[in-house]
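Notes follow once the structure below has been shown.
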Amino acid sequence: GGRAQRRQRQAEERLRPYFGRVEPKLCELLNCYSPTGSWCQVVQENGILKPKCVCPHSCPRQRAPVCSVLGKTYGNECLLHKEACRKRRRIGLAHTGPCQPKSKCTEEELGQFPYRLLDWFLLLSRMGASYTPGALPQSCLSHTQRIQLAKQRFLSLDKNKDGKLSRRDLKKLHYKKMPSEHCAAQFFSCDRNTNRKVTLREWTACLVDRSEAWFYHFM
C-alpha cells in the first residue's frame, strides 16, 4: 500500500548522494518495500547507475541456491523474489545454500536451551542499551537480574499487552538467528495449563528456573 511506497521513497532518497558512485554495492544499502517481494538491481537511468527495487520477470538458471526464512529452498535468490512478487508478500532470505533438514533437539540441547536463550536476550538488551564492553556474563547475574532480563523481553514481545504470549508473539523471537533454534518449539510448550498462551509467571519459570537448574547441574 501507500505506506510501503512512502518507505521506499525515503529509502531511495537516503541513497541519492551515492548514485553512480559505488555501483553493485548500492544494492546492499537499499531496502525493498515496494513493489512487495521485489529485490534490488542496479540499473542505468540517463547514464547514471541507480539501485532500483524490481520484480524479476525471468531468472538465470545458474547461481547459488538459497533458503528462505520460511524454510523453503530456491534455485537462486532471483527465484525467491519472483515467487514473493507473485504472492505479493515479503519473503526474507535466511541464508545462501539449501535449507538444512530440521535436526532433532537432543535432551542435552533442550536442557541447555533456556541458558542459551537468556544469553541471547542479554546480548539483545546490550545492543539496545548503550554498548557496554565490560558487561557481566549471565553466570554473574543475580536471580533477580535474570528475572528482570526475562521480564524485559516478555514485555517487548507482548504486543497487545494482555500479559500473555501467543504462538505468534513467540515467533517474533527470530529463532533463525538464535543458537539451537530447533529446540524452540519444544521448549515453549511451557504453558502449564496448555491454553496455548504463556503467562509471565510461566515464562520466567521456564526461562530463569530452568536456566539456573541447568547451570548448577553443569557446574
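The values are calculated or read from the model by the stated rules, or taken from the named source; none is laboratory data. None of these values were measured; they are calculated from a predicted model. Note that we place each Cβ from the backbone using ideal geometry, even for glycine, and neighbour counts take in every protein chain shown. For the accessible areas, the whole protein counts, side chains as well, though only heavy atoms, and no ligand, DNA or RNA atoms are used. Shrake-Rupley method; radii C 1.70, N 1.55, O 1.52, S 1.80 Å.
Using the Karplus curve 6.51 cos²θ - 1.76 cosθ + 1.60 with θ = phi - 60°, what ³J(HN,Hα) values do you get for each residue of region 53-70, in whole Hz, with x for Gly and Pro?
8, 9, 8, x, 8, 9, 10, x, 6, 7, 5, 6, x, 10, 10, 8, 5, 8
Where the Cα atoms of the chain are projected onto their three principal axes, how long is each span, largest first, in whole Å?
Principal axes ranked by extent give 65, 37, 35 Å for the Cα atoms.
Using θ = phi - 60° and the Karplus relation 6.51 cos²θ - 1.76 cosθ + 1.60, list the HN-Hα couplings for region 207-219 in order, rounded to whole Hz, with x at every Gly or Pro.
Per-residue couplings from phi come out as 7, 6, 4, 6, 5, 5, 4, 5, 5, 5, 5, 5, 5 Hz.
Name the shape class, rounded, prolate or oblate, that the alpha-carbon gyration tensor gives for region 22-96, where a ≥ b ≥ c are the square roots of its eigenvalues, rounded holds for a/c under 1.5, and otherwise prolate holds if a/b is larger than b/c and oblate otherwise.
prolate
Modelling each spin label as a point 7 Å along the Cα-to-Cβ direction, I'd like the residue 186/residue 88 distance in nm, to one decimal.
Distance between the two pseudo-spin positions: 4.1 nm.
Give the long-range amide H neighbours of residue 165: residues separated by 5 or more places, or on another chain, with amide H under 5 Å away, using H modelled in the peptide plane at 1.01 Å from N.
The answer is 198, 199.
Can you send over the carbon and sulfur percentage of the accessible area for region 22-96, probe radius 1.4 Å, protein chains only?
Working: 2280 of 4710 Å².
Of the solvent-accessible surface of region 22-96, carbon and sulfur hold 48 percent.
Which links in 52/72; 25/171; 82/104; 82/159; 104/171 stretch past 28 Å when you go from one Cα to the other?
Numbers: 52/72 26 Å; 25/171 32 Å; 82/104 32 Å; 82/159 32 Å; 104/171 19 Å.
Where the Cα-Cα span goes over 28 Å, the pairs concerned are 25/171; 82/104; 82/159.
For residue 72, list long-range residues whose amide hydrogen, built 1.01 Å from N in the peptide plane, is under 5 Å from its own amide hydrogen.
Hits under the 5 Å cutoff: none.
Explain nothing, just compute: Karplus ³J(HN,Hα) = 6.51 cos²θ - 1.76 cosθ + 1.60, θ = phi - 60°, for every residue of region 107-120 in order, whole Hz, x for Gly and Pro.
Those phi angles translate into 4, 5, 5, 5, x, 7, 3, x, 5, 5, 5, 5, 4, 5 Hz.
Probe of 1.4 angstrom, ligands and nucleic acids ignored: what's the accessible area per residue over the chain, in square angstrom?
65 Å²
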